[in-house]
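Novice: For reference, the structure I am asking about is given below.
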Amino acid sequence: MGLRRIEDADVNGKRVLVRVDFNVPMKDGVVTDATRLMSALPTISHLKSAGAKVILLAHFGRPKGQRVAEASLMPVVAPLADMLAAPVEFADDCVGPAAKAAIDALEAGGVLLLENTRFHAGEETNDPDFAAELAKLGDLFVNDAFSAAHRAHGSTAGIADLLPAYAGLAMQRELDHLSQALRDPKRPVIAIVGGAKVSTKIALLENLVTKVDKLFVGGAMANTFLAAQGHDVGKSLYEDDFADTARTIMEAARNHGCEMILPEDLVCAREFKPNPETSTVPVDAIPADMMALDCGPATVDGLADSIDACRTLIWNGPLGAFETPPFDTSTVEAAKYAGARARENNLIAVAGGGDTVAALNQAGASSDFTFISTAGGAFLEWMEGKTLPGVEAVTD
Ligand code: ADP
Ligand code: MG
């Protein structure tokens with residue numbers, strides 16, 4: 001892949017517009033999780049020391065083209081300055097005179113954050129005039145926001161057509177790891193896909209069966225596959241309408257030599273609440289009045305063996321209703337197992353997805369994984385094999 005890498009650009013004295021992902025969790029105007037700020041530091045530091053004027057562009061929340069006080073990026077300034085141990089300037093608009101004046105006043109090596117790009121309607125519509133207003137402010141563009149790369153917006157795609165455009169270090173790290181896992185992996189490769197619905201992950205499953213050696217399906221999604229195989233899934237969450245889709249995916253797996261693995265046993269309950277009475281049953285014995293809420297221990301053992309047989313793991317989606325104990329058990333056990341294999345350097349383990357990341361954190365396994373994507377939608381679309389506009393824009 002011909003990524004244009006920012007290290008290869010001469011940025012000394014240049015005005016460099018850097019698209020970052022600062023869509024951080026915030027409560028009462030205070031950043032509650034600075035992970036996303038942290039991932040922007042390598043690119044910012046690189047540009048600072050290379051003598052660039054570093055001008056940060058980001059969106060926050062969904063102000064829908066209006067100036068909304070609660071969606072201001074102002075609260076990001078102080079924590080970012082702390083982490084950089086350097087001043088961070090702020091301009092209260094991302095285009096126009098306020099932005100221009102702040103950039104003119106910025107010294108080489110200085111850092112300036114521009115206000116929320118989504119205060120302008122042209123951001124999300126990728127309006128050419130808005131992109132041109134942005135592009136006027138800089139000499140170079142760097143996209144370091146992989147998590148926003150699936151959207152063709154003014155500050156992710158439009159601007160990249162108007163300025164020399166490069167991938168930042170966080171974007172590169174993300175793409176390098178995802179490519180290593182899916183495009184050029186150490187084989188065999190196993191994918192674990194879980195979550196609630198097949199309907200949200202059809203494209204993902206369709207792509208994975210053509211690429212990986214083993215595909216484990218867990219979570220409520222597995223119920224749809226089990227039902228399609230003729231099992232009675234009782235009161236479990238499943239999608240009747242997607243039985244044909246499930247059969248098509250199983251067929252495609254067979255055609256591509258991908259071993260499809262479904263749960264052997266399930267943990268069932270009559271009520272979906274914390275710590276109800278549960279029964280662990282084989283998949284062909286789900287009681288009619290119960291719902292399957294987690295994979296059982298035999299399934300986890302089998303999955304561990306499958307992981308052992310592989311060199312690369314790609315994981316998206318929890319294996320059960322992990323937010324409600326004890327239905328986090330199989331997800332936590334499998335995460336710990338994979339984490340330990342990765343820690344011993346026996347496995348390249350890559351994961352992504354909003355709930356997946358939460359579940360891996362809950363299992364205490366995140367730091368053992370080789371790479372965890374901070375992107376939700378962009379991670380999925382990339383794994384689906386789609387071309388992401390924000391990546392396309394920085395690729396030759
Ligand atoms: P991600 O955000 O990582 O892509 P998803 O959003 O697809 O993951 O799926 C996560 C959701 O799936 C969680 O809320 C989890 O509770 C739910 N889920 C998984 N297995 C089951 C199950 N057996 N029954 C009900 N919900 C489940
Ligand atoms: Mg989710």
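Novice: Just to be sure I understand, how many residues within the stretch 173-227 are part of a strand (DSSP E or B) and either polar (S, T, N, Q) or on the phi > 0 side of the Ramachandran plot (or both)? Full working, then the answer.
Specialist: The first filter runs over the stretch 173-227 and keeps only residues part of a strand (DSSP E or B), leaving 189-193, 214-217.
With either polar (S, T, N, Q) or on the phi > 0 side of the Ramachandran plot (or both) added as a condition, the list becomes none.
Summing the residues that are part of a strand (DSSP E or B) and either polar (S, T, N, Q) or on the phi > 0 side of the Ramachandran plot (or both) in the stretch 173-227 gives 0.
Novice: Considering only the stretch 48-96, how many residues are assigned to a loop (DSSP other than H, G, I, E, B) and over 19 Å from A34 (Cβ atoms)?
Specialist: Filtering the stretch 48-96 for residues assigned to a loop (DSSP other than H, G, I, E, B) gives 50-52, 58-68, 72-73, 85-87, 92-95.
Of the ones still in play, those that are also over 19 Å from A34 (Cβ atoms) are 50-52, 62-68, 92-95.
The total comes to 14.
Novice: I'm trying to understand the selection: among the residues of the stretch 114-146, which are surrounded by fewer than 23 Cβ atoms within 10 Å (Cβ to Cβ), of a type outside the set (A, V, I, L, M, F, W, C) and assigned to a helix (DSSP H, G or I)?
Specialist: G122, E124, T125, P128, D129, E133 - these are the residues of the stretch 114-146 that are surrounded by fewer than 23 Cβ atoms within 10 Å (Cβ to Cβ), of a type outside the set (A, V, I, L, M, F, W, C) and assigned to a helix (DSSP H, G or I).
Novice: Being over 20 Å from the mean Cα position of the chain (by Cα), crowded, with 18+ Cβ neighbours inside 10 Å and of a type outside the set (K, R): is that true of P263 here?
Specialist: On the way: over 20 Å from the mean Cα position of the chain (by Cα): yes; crowded, with 18+ Cβ neighbours inside 10 Å: yes; of a type outside the set (K, R): yes.
Yes.
Novice: Would you say A342 is aliphatic (A, V, I, L, M), farther than 19 Å from N143 by Cβ and touching an Asp or Glu at 6+ places or on another chain (Cβ under 9 Å)?
Specialist: The answer is yes for A342.
Listed here are the residues, each with its yes/no results for (1) free of Cβ contacts under 8 Å to residues at least 60 places away in the same chain; (2) among the polar types (S, T, N, Q).
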| position | (1), (2) |
| --- | --- |
| L3 | no, no |
| A9 | no, no |
| V24 | yes, no |
| T32 | yes, yes |
| H46 | no, no |
| I55 | no, no |
| Q66 | yes, yes |
| E70 | yes, no |
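Novice: Select from the stretch 330-377 the residues that are more than 14 Å from ligand 2 (Cβ to nearest atom), among the hydrophobic types (A, V, I, L, M, F, W, C) and not in a loop (DSSP other than H, G, I, E, B) and list them in ascending order.
Specialist: V332, A334, A335, A338, A340, A342, I348, A349, V350, F371, I372
Novice: Quick test of your reading of the structure: V198 fulfils all but one of (1) within 16 Å of ligand 2 (Cβ to nearest atom); (2) crowded, with 24+ Cβ neighbours inside 10 Å; (3) under 17 Å from the mean Cα position of the chain (by Cα). Name the failing condition by number.
Specialist: (3)
Novice: L313 passes all but one of (1) more than 12 Å from ligand 1 (Cβ to nearest atom); (2) in a loop (DSSP other than H, G, I, E, B); (3) at pLDDT 95 or above; which number fails?
Specialist: (2)
Novice: Right, something else. Filter the stretch 268-310 down to residues that are part of a loop (DSSP other than H, G, I, E, B) and among the hydrophobic types (A, V, I, L, M, F, W, C) and give me whichever is nearest to ligand 2 (Cβ to nearest atom). Talk me through it step by step, then tell me what you get.
Specialist: Within the stretch 268-310, the first condition is being part of a loop (DSSP other than H, G, I, E, B), and the residues that meet it are 270-277, 286-290, 296, 309-310.
The next check asks that each one be among the hydrophobic types (A, V, I, L, M, F, W, C); those that pass are 272, 286, 288, 290, 309-310.
Numbers: F272: 17, I286: 24, A288: 29, M290: 24, A309: 28, C310: 25 Å.
Checked the stretch 268-310; the qualifying residue nearest to ligand 2 (Cβ to nearest atom) is F272.
Novice: If you check G257 against the conditions, is it at positive phi and away from ligand 1 (no atom under 12 Å from the Cβ)?
Specialist: Here the answer is yes, as G257 does meet what is asked.
Novice: Here's another thing I want to ask about it. Could you go through the stretch 382-389 and let me know if any residue there is more than 16 Å from ligand 2 (Cβ to nearest atom), basic (K, R), surrounded by fewer than 18 Cβ atoms within 10 Å (Cβ to Cβ) and over 20 Å from the mean Cα position of the chain (by Cα).
Specialist: no
Novice: What single numbered condition from (1) within 16 Å of G219 (Cβ to Cβ); (2) more than 16 Å from ligand 2 (Cβ to nearest atom) fails to hold for F327?
Specialist: (2)
Novice: Shifting gears a bit: With the structure loaded, tell me whether H46 is surrounded by 17 or more Cβ atoms within 10 Å (Cβ to Cβ), over 23 Å from the mean Cα position of the chain (by Cα) and not acidic (D, E) or whether it fails that test. Break it down stepwise before answering.
Specialist: Values: surrounded by 17 or more Cβ atoms within 10 Å (Cβ to Cβ): yes; over 23 Å from the mean Cα position of the chain (by Cα): yes; not acidic (D, E): yes.
Taking the combined requirement at face value, the residue satisfies it.
The values are calculated or read from the model by the stated rules, or taken from the named source; none is laboratory data. Owing to the predicted nature of the structure, the values given are computational and were not obtained by experimental measurement. Don't worry about glycine lacking a Cβ; one is built from the backbone with ideal geometry, like all the others, and counts go over all protein chains shown.
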